[in-house]
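A short write-up of the structure that comes next.
Just so you know, all these numbers are worked out from the coordinates, no wet-lab data involved. Computed from a predicted model, the values in this text were never measured in an experiment. Glycine gets a Cβ as well: all are built from the backbone with ideal geometry, and neighbour counts include every protein chain shown.
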Amino acid sequence: MSFRTQLKNLSLILLVSLFVLLLSSCNLQSADNFSPVEVENTEAILPTETLVLPTATEVPKRSLVVCMGQEPQTLFLYGDSSRSMWTILEGVYDGPFDLVDYEPQAVILQQIPSLENGGATYSSVEVKKGDFVVDANGDLIVLDKGALIYPSGCFDASCAQTWDGSSVVLMDQLSVQFTLLPDLKWSDGEPLTAADSVYSYQLAGDAALNLSPYVQQRTASYEALDDVSVQWKGVPGFFSNQYDMYYWTPLPEHVWGEINPADMALSEAVSRAPLGWGAYQIQEWIDGDHITLEKNPNYFRLNEGLPAFDYVVYRFIGDYADQNIAALLSGECDVVDQRSLLIEELETVLTLQKNNELKVYSTPSAEYEHIELGIYPLEYDDGYNPYSEDRPDFFSDIRTRQAIAQCVNRERIISRWLLDQTQIPVGLYPSGTLYSMIDPEALPYDAEAARTLLDQAGWKEYDGDPNTPRTAIGISNIFDGTYFKVNYLTTTDSLRVKIAEHVKEHLMECGIEVEITTVEPDQLYAAGPEGVLFGRHFDMAQFAWSASMNDPCVHFQSDQMPTAENQWLTINLGGFQDENYDTLCYEATHTLPTAGDLYTSRQLAVQQSYVDSMPIIPLYYRLKTVVSRTDFCGLTLNASTRSALFQIESLDYGEHCSGNN
């Protein structure tokens, strides 16, 4: 029996026990899905749409139904984080920040700290032998003789000093203060205080949770100054302009404080019903079917008329886009979350929008699809030897890489498969950010120019047959007569396979023969040395990375190539190596944001080198796509937000959207 059918047959028990009213007009279906955590499956009355009750004293309940592609495994903030988890938690935690266009916006804090408003400050402090500091390479070290450091007032490598081990040395220390809005409460009515953020910091540092130690290690202190203010101080020599990274999301110590961190993953209160301060609170979680939230009576924006709904029901009906679209069109859900592979049905949903059957929201994300080139595979580590069984050195010549970029009609990929809803990534930073490249020379599609570059690199159309691959003639490290034939690796994702076929066709027109191999994601991303990507066992591979706001040039530095020495954990998977690029990246990463124009110019310089060198072939920014009923309002997509529902408290539909569509 389906979930909505069950609801149709349930009784709503009123406060006056003499009257029993039957509910109707509910048709919410359940769907099969995996059930990662087993709990007692209890029945509950879950309104899923406006319920008109035959009594003048009852206030009709309103609900929002969200169809989701996947069920989260946990709702523990420091558990297994996922997009599906944050889709739920946006209703439980409102903020503390919303990251909009890669800039944090205060939600439960009075302001975003900055040097300009005094929330962030640098002070000169004396350091001595044995102190933890961050050196000029950005590494956390114990100060000792010979350490290369930035003395106080120094903002780039030109003024770095090597400490003699005895002289008095001053270094700059960053301090950031965060202040909560007044009178915030947890959903159980207890006050939310600065101490809850300190508790979260302490919990995040517990070894049992095995979280990344980067920020914790660069924290000298994190303490509550009073009930609403907390102060973070960094290790001397640590510089940053991303101050939101140094505020820990409050967690309810009054409820969780007695739970051992090692047991939190299995705790009901932590993983399945966490307290928050947001618009909603957890009502129930039925494995494999749905999670229901109800309005938080202690939400700090209640006096603004928010949230719009009494309940939010998240249904888990699988990733198949056609199922989600059908559920929306039949009225079984009001909005379909972005995780539901809608990109594969983009043409369908845009047509339905044109016919006024649904509303589509789409924006390029920070994730970019690209072709990684196996410039330096693992077999070259003992020296490239064309006389052995080493794969021919296809990609070390920059002209060849540029030719591949110009052979692939990336504009056509975006037009044909993504309906012009996104763009080609250029530069290292996400599009639209402060340091992104607006209008560089990005090697547009030009098959004729590409064939000329291949000729110059020594790849000749030897037999004049356009249906056979080019042949190496006169290339110093490749035998004459070697065919330009490569393997092209990607996942079984249907859109990726279509794009791979497109790339194959266009490269063949330039004389490069491609054989496509598809594997499951866990095989593609397996750890080195056996893993295909991280073990550097590929010619060409198509997959996605997320663009970074934190020193992205490091991605392609020579020392970031995965090897046994770095435990195969680094991300220069293609093995790109270029001394000039390394120098420019070093200058960019060893110049502090406080250096102003010098910092900006060096960020742009290393990006131009990246564009010229073409270590990878960027294809397109992946799309965030959400669909809703046509009378929906309040939803906006943004590339940098952790969930499309980050403004869930403002979402609404129907007559309540008058003037707000």
Problem set entry | Simple label model, 7 Å out from Cα along Cβ direction - D390 to E116, nm | 5.3
Problem set entry | Among the listed pairs K460/K504; K485/K624; K498/K624; K61/K354, those beyond 30 Å (Cα-Cα) | K485/K624; K61/K354
Seminar exercise, completed: So, with points 7 Å from each Cα along the Cβ direction, the T583-L209 label distance in nm works out to 4.4
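How do the peptides 470-476, 253-259, 535-541 rank, highest first, by the average count of neighbouring beta carbon atoms within 10 Å per residue? Please report the intermediate quantities before stating the final value.
Working: 470-476: 16.1, 253-259: 14.4, 535-541: 21.9.
Top to bottom by mean Cβ count within 10 Å: 535-541, 470-476, 253-259.
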Seminar exercise, completed: Mean separation of Cα contacts under 8 Å (at least 6 apart) over the residue count of the stretch 104-253, i.e. the relative contact order in percent, is 27
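What is the Cα convex hull volume of the stretch 367-622 when expressed per residue in Å³? Before the final figure, lay out the partial values.
On the way: hull volume 32.3 nm³, N = 256.
Once divided by residue count, the hull of the stretch 367-622 is 126 Å³.
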Problem set entry | Calculated FRET value between Y320 and T517, using beta carbons and R₀ = 30 Å, to 0.05 | 0.75
Problem set entry | Eligible aspartates and glutamates near K233 by straight Cα distance, threshold 14 Å, same-chain separation 8 or greater | D172, E223, D244
Problem set entry | Between the stretch 386-449 and the stretch 214-285, the Cα center-to-center distance that results, in Å | 41
Problem set entry | Spatial separation of Cα centroids for the stretch 589-661 and the stretch 528-543, in angstrom | 29
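Hydropathy at least -0.5 by Kyte-Doolittle, axial extent at least 20 angstrom from the Cα trace: which helices of the chain, defined as entire DSSP H runs, fit?
Details: long enough: 494-509 (23 Å, -0.36); 597-613 (24 Å, -0.58).
Both cut-offs are met by 494-509.
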Problem set entry | Computed helical MRE - 222 nm, the chain, DSSP H runs ≥ 4 contributing -39500 (n - 2.57), nearest 500 | -6000 deg cm²/dmol
Exercise. Highest mean first, what order results for 163-173, 269-279 on Cβ atoms within 10 Å?
Worked result: 269-279, 163-173
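Tally Lys and Arg at +1 and Asp and Glu at -1 over the other residues with C-beta under 12 Å from the C-beta of G95: what net charge comes out? All intermediate terms of the calculation are to be shown ahead of the outcome.
Working: positive: R301, R642; negative: E90, D94, D98, D244, E649.
Taking every Cβ under 12 Å from that of G95, the sum is -3.
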Exercise. If you plug each phi of the stretch 286-292 into the Karplus form 6.51 cos²θ - 1.76 cosθ + 1.60 with θ = phi - 60°, what whole-Hz ³J(HN,Hα) values come out, in order, with x for Gly and Pro?
Worked result: 9, 3, x, 10, 6, 10, 10
Exercise. Once you treat every alpha carbon in the chain as an equal point and sum by Debye, what is log10 I(q)/I(0) at q = 0.11 Å⁻¹?
Worked result: -1.25
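If packing is taken as the mean number of other Cβ atoms within 10 Å per residue, what is the order of 371-377, 429-435, 208-214, 93-99, highest first? All intermediate terms of the calculation are to be shown ahead of the outcome.
Numbers: 371-377: 23.0, 429-435: 17.7, 208-214: 11.6, 93-99: 19.9.
Descending mean neighbour count gives 371-377, 93-99, 429-435, 208-214.
Output the relative contact order of the chain, whole-number percent, from Cα pairs under 8 angstrom with separation of 6+ residues.
Result for the chain is 16 percent.
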Seminar exercise, completed: Looks like the stretch 104-253, by Cα gyration tensor root eigenvalues a ≥ b ≥ c and the a/c under 1.5 rounded cutoff (else prolate when a/b is bigger than b/c, oblate otherwise), is prolate
